[in-house]
Amino acid sequence: MIETIERLYQKDKFEAEDRRTLESFLDQLDSGEIRAAEKVEGQWKVNGWVKKGILVGFRMGVLTDRSINEHFQFFDKDTFPLKSLHLNSGVRLVPGGSAIRRGAYVASGVTCMPPMYVNVGAYVDEGTMVDSHALVGSCAQIGKCVHLSAAAQIGGVLEPVGALPVIVEDEVLIGGNCGIYEGTIVRRGAVLAAGVILTRGTPVHDLVKETAYRADQERPLEIPEGAVVIPGTRPISSGYGKTQRLSLYSPIIVKYRDWKTEKSVRLEEWLR
């Protein structure tokens, strides 16, 4: 499949056989057999050929009328309809305007509260809750028993094809209105308080370990395992910013998970 997708990625015109290949590729994405990124020997590795396959799907697709009626009009590529779910899929999809695109893997035991959206290439593992107004962007990787609270935004990273997508490991709690972007990795068991924003350009200061975490040209921003992160600020130390007592946004790790945090997380699990 890898060589075939690489070949299709170089083509400008597609044939009927190419469409059948794409269907097989999307079926494997749907089932979780292949994914945009995976952990290999403890390190996350991007599968660029999978991203190329998704991009081929957009190029191959034809704009199609998918309207329900004249009041609910939708026009999208015919290669990416809504994902087909059934009762035996084991996904709790609550009524009210949610959408999961074909080519996204959503495991049994996932709960989807309306309205939420999961884009193509995303991987959402068992026991996770995607709450109201939450977004799981293209190729984002979400682990087991994660809670994406209301209005949480997990950014999509489809291009460049070699760029690592956003990764949220197992048992992470993402608070309401959080945003995780640009290939950030949130390690197992971390807790992000409401309103935390994580990007490549924003350092995260660790009060416990007295250090700071930053992305660089080789590595994404990483939030350590079990870290509890809250929104914070740091003062501008020179020039106009200093004289006006201005501050820059800066997420802060205030502690690592303890029994009180564990109790709070268990309460979240009971809601599923």
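The numbers here are math on the coordinates, done by the rules we state, and not lab data. None of the values given here were measured: they were computed from a predicted structure. Using ideal geometry, Cβ is built from the backbone for each residue, glycine included, and neighbour counts are taken over all protein chains shown.
Things worth noting here:
- Residues (touching a residue at least 60 places away in the same chain (Cβ under 8 Å), part of a loop (DSSP other than H, G, I, E, B) and within 25 Å of residue 23 (Cβ to Cβ)) located in the stretch 141-167: 158, 159, 161, 165
- Filtered residue count, the stretch 220-249, keeping only those that are assigned to a loop (DSSP other than H, G, I, E, B) and either at negative phi or without any contact (Cβ under 8 Å) to a residue 12 or more places away in the chain (or both): 12
- Helices (runs of 4 or more DSSP H) (entirely within the stretch 1-69) containing at least 2 residues that are polar (S, T, N, Q) and surrounded by 15 or more Cβ atoms within 10 Å (Cβ to Cβ): 16-31
- Only listed residue being surrounded by fewer than 16 Cβ atoms within 10 Å (Cβ to Cβ) and not in a loop (DSSP other than H, G, I, E, B), chosen from 212, 194: 212
- Whichever residue in the stretch 112-128 is more than 13 Å from the chain's Cα centre (by Cα) and closer than 27 Å to residue 47 by Cβ and, among such residues, is surrounded by the most Cβ atoms within 10 Å (Cβ to Cβ): 112
- Residue match in the stretch 93-102 (condition: of a type in the set (A, V, I, L, M), assigned to a loop (DSSP other than H, G, I, E, B) and under 23 Å from residue 112 (Cα atoms)): yes
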